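Colleague: This is the structure, below, for whatever I ask next.
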Amino acid sequence: MKFDAHSTAIEGVFILKRQEIGDQRGSFSRLFCAEQLQAYGWNETVIQSNMSRNVGAGTLRGLHLQLPPHAEMKFVQAIAGRVWDVAVDLRKGSATFGQHVAAELSAENQMGLLIPKGCAHGFQVLSDSATLIYHHSASYQPEAESGVRFDDVALNIKWPLTPQNLSPRDQELPLLASFGDGVTL
């Protein structure tokens, strides 16, 4: 049972679809397999797995990242509901610095977004509620917390719904310009 992988315009960001097998009893699908994900750049140990439960269509979280030396890879999947998932390249020297990719993740389409170190991540809830599972290559460190504003015109992200329910933290994140020429990994 392998993931079907689709590359994106940003190096190291992949949309991965898990395969499901089933019969009259139900179904089975693999949420994570380090051995398979090595082909897409995951050469890390899963240090932390988190679940994010979200209510309200339009709810927006992000765009977050952990700065070095606590930079992390993430593999994000929706296990209930639907979200518009976004990765923004903030890596110094990257040909796609300041660019983003987005994909709809849902329980039904079984897609996940693999996000490399140095890329910010955020999502918007498209259904009444949504639950996401995150696998992280590093543990959360508050002092390494950073991100970029969801509405920075330099990013040109077209959120599908009017953003709402933002945390004060997310509303105060810096603009892309504050990252200069990018995050050094």
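Colleague: With the checklist (1) in a loop (DSSP other than H, G, I, E, B); (2) under 26 Å from Gln171 (Cβ atoms) in hand, flag the one item Glu108 doesn't pass.
Modeller: (2)
Colleague: Take the residues of the stretch 149-164 that are among the aliphatic types (A, V, I, L, M) and in contact with a strand residue (DSSP E or B) (Cβ under 9 Å, 6 or more places away or on another chain): which is nearest to Phe179 (Cα to Cα)?
Modeller: Leu155
Colleague: Against the definition (loosely packed, with under 14 Cβ neighbours inside 10 Å, more than 23 Å from Glu143 (Cβ to Cβ) and small (Gly, Ala, Ser)), how does Ala80 come out, yes or no?
Modeller: no
Colleague: Based on what the data block shows, is Ala102 surrounded by 15 or more Cβ atoms within 10 Å (Cβ to Cβ) and either touching a His at 6+ places or on another chain (Cβ under 7 Å) or outside any strand (DSSP E or B) (or both)?
Modeller: no
Colleague: Could you list, in sequence order, the residues of the stretch 14-41 that are without any contact (Cβ under 8 Å) to a residue 40 or more places away in the chain, surrounded by 11 or more Cβ atoms within 10 Å (Cβ to Cβ) and in a strand (DSSP E or B)?
Modeller: Answer for the stretch 14-41, where residues must be without any contact (Cβ under 8 Å) to a residue 40 or more places away in the chain, surrounded by 11 or more Cβ atoms within 10 Å (Cβ to Cβ) and in a strand (DSSP E or B): just Phe28.
Colleague: Is it fair to say Ala120 is over 30 Å from Ile21 (Cα atoms) and assigned to a strand (DSSP E or B)?
Modeller: Against the criterion (over 30 Å from Ile21 (Cα atoms) and assigned to a strand (DSSP E or B)), Ala120 qualifies.
Colleague: Restricting attention to the stretch 74-99, report how many residues are in contact with a Cys (Cβ under 9 Å, 6 or more places away or on another chain) and of a type outside the set (Gly, Ala, Ser).
Modeller: Going through the stretch 74-99 one residue at a time, the tally reaches 5.
Colleague: Taking Leu65, is it in a loop (DSSP other than H, G, I, E, B), aliphatic (A, V, I, L, M) and in contact (Cβ under 8 Å) with a residue 24 or more places away in the chain?
Modeller: Spelling it out, it is not the case that Leu65 is in a loop (DSSP other than H, G, I, E, B), aliphatic (A, V, I, L, M) and in contact (Cβ under 8 Å) with a residue 24 or more places away in the chain.
Colleague: If you don't mind, there's one more thing I want to ask. Kindly provide the set of residues from the stretch 96-119 that are farther than 20 Å from Pro68 by Cα and either of a type in the set (Lys, Arg) or over 15 Å from the mean Cα position of the chain (by Cα) (or both), ordered by number.
Modeller: Ala107, Glu108, Asn109
Colleague: Additional query: For Leu126, only one of the following conditions fails: (1) without any contact (Cβ under 8 Å) to a residue 40 or more places away in the chain; (2) farther than 20 Å from Leu31 by Cα; (3) crowded, with 16+ Cβ neighbours inside 10 Å. What is its number?
Modeller: (1)
Colleague: Mind checking which residues of the stretch 162-182 are under 18 Å from the mean Cα position of the chain (by Cα), of a type in the set (A, V, I, L, M, F, W, C) and in a loop (DSSP other than H, G, I, E, B)?
Modeller: Leu166, Leu173
Colleague: Hey, among Glu11, Glu72, Glu44, which residue is touching a residue at least 60 places away in the same chain (Cβ under 8 Å), outside any strand (DSSP E or B) and touching a strand residue (DSSP E or B) at 6+ places or on another chain (Cβ under 7 Å)?
Modeller: Exactly one residue qualifies, and that residue is Glu72.
Colleague: Report, by residue number, each residue of the stretch 164-185 that is touching a residue at least 60 places away in the same chain (Cβ under 8 Å), of a type outside the set (A, V, I, L, M, F, W, C) and closer than 15 Å to His64 by Cβ.
Modeller: Ser167, Asp170
Values quoted throughout were computed directly from the atomic coordinates according to the rules given, and no laboratory measurement underlies them. Worth saying up front: this structure is predicted, and the values here are computed from it rather than measured. A quick note on method: Cβ atoms are made from the backbone with ideal geometry, for glycine too, and the neighbour counts reach across all protein chains shown.
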